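To start, the structure itself, in structure tokens.
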Amino acid sequence: MTTSPAASAPAAPAHAPSAAHARAPAAAPAFDSLPPLSLYVHLPWCVRKCPYCDFNSYEAGPAGFDEGGYVAALLRDLDSELALAQGRELASVFIGGGTPSLFSGPAIARLLAGIRERLPLAEAVEVTLEANPGAAEARRFAEYRDAGVNRVSIGVQSLRSKQLARLGRVHGPAEAEYAIELARVAGFTSFNVDLMYALPEDDVDGALADLAAAVAHEPPHLSWYQLTLEPNTAFERKPPPLPAEELVLETERCGRELLAAHDYARYEVSAYARAGQRCMHNLNYWQFGDYLGIGAGAHGKVTLPRDDVVERRAKTRNPRTYVSTAGTARAVAVERIADAHQIAVEFLMNALRLPGGVPVALFEQRAGQELAAIERPLREARARGWLADEPGVLRPSAAGLEVLNRLLALFC
Ligand SMILES: C[S@@+](CC[C@H](N)C(=O)[O-])C[C@H]1O[C@@H](n2cnc3c(N)ncnc32)[C@H](O)[C@@H]1O
Ligand code: SF4
């Protein structure tokens, strides 16, 4: 199956059941409590657009961008969302992109101070910032840390020059290794390295060499994504030669063994962590928690017990339009989901990405319905050996995780 870089891209429903599906009208969900709340902040500029990337990102160009104006817009945006927190503190903040490390230390400090003035942060709050090795400087890393960032996520992708060039990256292996060392020297005890496999013209040995080289730096967390050809990207328009499926499966099998041998536990399709180093922010997405999303193209998801709905919010994607409309109704598209079946599917699309699964009680609380509502597809999934037959837990089996899209299709 394909993997998706969920790190900064909240899993939105890819295929909500349509009216074409003949099934009885679903009961309404009923929510009597609120899940934890996170905040995603999108900073959309990059040095150069990578040919495989479908994130909402834009080349900064020689004129650069107005970071002060953008931070002010983010805080206006947050002001307009405060009521949705419904009294909760923020469990995590994720500053993603784009390339957030193009922003100066003082700009990130103003942003985090503004967030703290508006919403309480949990005592153990996790604050992550995505850094691109082509835009990583020692001074900035220390300033980010002093501003309140306590985790960085470094987009390494590969540690081989030829592959990095093929991916259109603005950095080479030396800058990537330097960025990892910077994170350590700046005192980040928690950080992530993003790597991709199944790269153009790659083989199993090459992919494993990348993984071994990354592991040698002992990052506390590693995200290992299969390169996918996304719609509306340069790679989709002119696809590079990608390795055959057998090679990809062999790479995954050997790579997972290598990671396990170095104490990295797989806790999501593409996420591996040493003990105590899981990403709380992404876990909140996968466990169907709530999140506010601020910034151009950012998505949010909020449970509203008063109306028994889940509200999804999407901000306007163009940075210029975003800056001029942030905080007004023009900057946001709102969808309210009151269909219990659709909410159950969205819950499972996230939670079944977790090899450890989730307690049934979490489904009942966060999808606002009894497990009995999805009894028929559950029975089918168990009969096929795709779900563990374990009372009180919703967990994909190893076979189910291999065919995750087919497993999810049973519930749609
Ligand atoms: C928001 S992106 C980029 C972060 C940062 N701007 C960078 O590129 O270093 C987060 C991660 O998603 C992964 N990613 C992006 N596009 C992908 C694709 N088409 N297939 C697989 N992984 C992808 C990359 O590993 C990337 O580091
Ligand atoms: S640097 Fe990251 S966000 Fe920017 S274009 Fe490349 S992959 Fe996308």
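Coordinate-derived values only; no laboratory data. All of these numbers come straight from a predicted model, not from anything done at the bench. Cβ: placed from backbone, ideal geometry, glycine included. Neighbour counts: every protein chain shown.
When you restrict to C-alpha pairs under 8 Å that are six or more residues apart and normalise by the size of segment 143-259, the relative contact order lands at 27 percent. Taking every alpha-carbon pair under 8 Å whose residues sit at least 6 apart, segment 307-395 reaches a relative contact order of 24 percent. Taking amide H as placed 1.01 Å from N in the peptide plane, the amide H of Gly295 sits under 5 Å from that of His42, each at least 5 places away or on another chain. Order by neighbour count: Val152, Val309, fewest other Cβ atoms within 10 Å first, most last. Ordered by Cβ neighbours within 10 Å, fewest first: Val309, Val152. Just to check, using Stokes-Einstein with a Kirkwood Rh over alpha carbon pairs, what's the diffusion coefficient of the chain at 37 °C and 0.692 mPa s in µm²/s? This corresponds to a translational diffusion coefficient of 149 µm²/s. Size descriptor for segment 291-362, Kirkwood hydrodynamic radius: 13.9 Å (Cα pairs only, one decimal). When each full DSSP H helix of the chain is screened for a Cα extent of at least 15 Å along its own axis and an average Kyte-Doolittle hydropathy of at least -1.0, the helices passing are 67-79, 105-118, 173-185, 204-216, 245-261, 340-351. The ranking of Ser161, Ser38 by Cβ neighbour count inside 10 Å, starting from the fewest, reads Ser161, Ser38. For the chain, Cys46, Cys254, Cys279, Cys412 stand unpaired, since no other cysteine beta carbon lies under 4.7 Å from theirs. In terms of other Cβ atoms within 10 Å, Asp263, Asp194 run from fewest to most in the order Asp263, Asp194. Anisotropy class assigned to segment 237-285 is oblate, per the alpha carbon gyration tensor with a/c at or over the 1.5 cut-off and a/b no larger than b/c. What does the charge count around Arg116 come to, taking other residues whose C-beta lies under 15 Å from its C-beta (Lys +1, Arg +1, Asp -1, Glu -1)? In short, -3. Based on the reciprocal of the average 1/r between different C-alpha atoms, the Kirkwood radius for segment 20-160 equals 17.0 Å.
Coupling constants for segment 328-339 follow from the phi torsions by the Karplus curve (6.51 cos²θ - 1.76 cosθ + 1.60, θ = phi - 60°), and in residue order they are 10, 5, 5, 8, 9, 9, 10, 10, 10, 10, 10, 9 Hz; glycine and proline get x.
Report the Cα centroid-to-centroid distance between segment 338-377 and segment 283-333 in angstrom, as an integer. One Cα centre to the other: 22 Å. Here the relative contact order of the chain, from alpha carbon pairs under 8 Å that lie six or more residues apart, stands at 21 percent. Under 23 Å between alpha carbons, and skipping anything fewer than 8 positions from Lys301 in its own chain: which lysines qualify? Within reach: Lys315. Grab the other residues whose beta carbon is less than 14 angstrom from that of Pro200, score K and R as +1, D and E as -1, and report the net. Taking every other residue near Pro200 into account, the sum is 0. Counting only lysines at least 8 places from Lys49 when in the same chain, those with an alpha carbon closer than 16 Å to its own are Lys238. Under 5 Å from the amide H of Tyr197 lie the amide H atoms of Tyr225, Gln226, Leu227, each residue being 5 or more positions distant or on a separate chain, with H modelled from the backbone and absent for Pro and chain starts. GNM on the chain, C-alpha springs below 10 Å: top fluctuator among Thr251, Thr303, Thr328? Highest fluctuation of the listed residues: Thr328.
Among Arg110, Arg145, Arg278, the largest mean-square fluctuation in a Gaussian network model of the chain (Cα springs under 10 Å) belongs to Arg110.
Within the chain, the longest run free of exposed loop sites, counting GluC sites (Glu not before Pro) that sit outside DSSP helix and strand states (H, G, I, E, B) and have at most 13 other Cβ atoms within 10 Å, spans 202-412. Report, ordered by chain and residue number, the aspartates and glutamates lying within cross-link reach of Lys162, taken as a straight Cα distance under 16 Å and ignoring same-chain residues fewer than 8 apart. Counting by Cα, and skipping residues close in sequence, Lys162 has these aspartates and glutamates nearby: Glu175, Glu177, Glu201, Asp202, Asp203, Asp205, Asp210.
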